Amino acid sequence: MTYSDSMLKDILTRTRRIAVVGVSMNPVRPSYYVARYLSLKGFEVIPVNPGHAGATLFGQQVRAGLAEIPGGVDMVDIFRRSDAVPPIVAEALDLFPDLQTIWMQIGVEHADAAAQAEARGVTVIQNRCPKIEYQRLFGELRMGGFATGVISSKL
């Protein structure tokens, strides 16, 4: 899928509250450092993982599922296998009437679930990472995609 830079930048500019489904408590896992990075950039990140429910991560309580999130979210960022996407998307659409974006991480795609969300007016991004796109679009990556030397997952 091809997404314009202006579309991705618009999503990352308007989004304030993100549910990260499948977040890990392990700081070397991509889901951890992506969620941490987004929280450091001012997004309110709501971690979702039933295996860690009740723990605290980035100042937020880890929720067992989307239904435990008080209030709405602007984006649901999915760190799960592609075959796990349909019920997550269906639940998000049921729970969050003002949901703006479903974002599926690198390697995660599901055409039917994407079509269901898009039919409800929700923007869908597949097989991309919001951390990478944020860094690229807001000038945090140098030529060739190399990082600026700041390790964002450093404690």
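Just wondering, is there one or more residues in the range 51-64 that are in contact with a Leu (Cβ under 8 Å, 6 or more places away or on another chain) and either surrounded by 13 or more Cβ atoms within 10 Å (Cβ to Cβ) or of a type in the set (A, V, I, L, M, F, W, C) (or both)? First the steps, then the outcome.
Filtering the range 51-64 down to residues in contact with a Leu (Cβ under 8 Å, 6 or more places away or on another chain) leaves none.
Within the range 51-64 (the criterion being in contact with a Leu (Cβ under 8 Å, 6 or more places away or on another chain) and either surrounded by 13 or more Cβ atoms within 10 Å (Cβ to Cβ) or of a type in the set (A, V, I, L, M, F, W, C) (or both)), the answer is no, since none of the residues qualifies.
I'd like to verify a number: residues in the range 37-50 that are among the acidic types (Asp, Glu) and crowded, with 21+ Cβ neighbours inside 10 Å, how many? Going through the range 37-50 one residue at a time, the tally reaches 0. Scanning the range 8-25 turns up no residue that is within 23 Å of residue 121 (Cα to Cα), in contact with a Lys or Arg (Cβ under 9 Å, 6 or more places away or on another chain) and among the acidic types (Asp, Glu). All of 124, 85 fail the test of being in a strand (DSSP E or B), free of Cβ contacts under 8 Å to residues at least 60 places away in the same chain and more than 19 Å from residue 32 (Cβ to Cβ), apart from 124.
Name the one entry in 71, 42 that is out of contact with any Phe, Trp or Tyr (no Cβ under 8 Å at 6 or more places or on another chain), of a type in the set (Gly, Ala, Ser), free of Cβ contacts under 8 Å to residues at least 40 places away in the same chain and not in a strand (DSSP E or B). 42 is the lone residue from the list that is out of contact with any Phe, Trp or Tyr (no Cβ under 8 Å at 6 or more places or on another chain), of a type in the set (Gly, Ala, Ser), free of Cβ contacts under 8 Å to residues at least 40 places away in the same chain and not in a strand (DSSP E or B).
Take the residues of the range 3-23 that are within 15 Å of the chain's Cα centre (by Cα) and of a type in the set (A, V, I, L, M, F, W, C): which is farthest from residue 49 (Cα to Cα)? Filtering first and then ranking leaves 8.
Residue-level check: of (1) more than 14 Å from the chain's Cα centre (by Cα); (2) in contact (Cβ under 8 Å) with a residue 12 or more places away in the chain, residue 26 misses just (2). Before we move on, is residue 31 under 28 Å from residue 112 (Cα atoms), assigned to a helix (DSSP H, G or I) and touching a strand residue (DSSP E or B) at 6+ places or on another chain (Cβ under 7 Å)? So residue 31 passes the test.
Where a number appears in this text, it was derived from the coordinates with a stated rule and is not lab data. Because the structure is predicted, anything quoted here is derived from the model rather than measured. Using ideal geometry, Cβ is built from the backbone for each residue, glycine included, and neighbour counts are taken over all protein chains shown.
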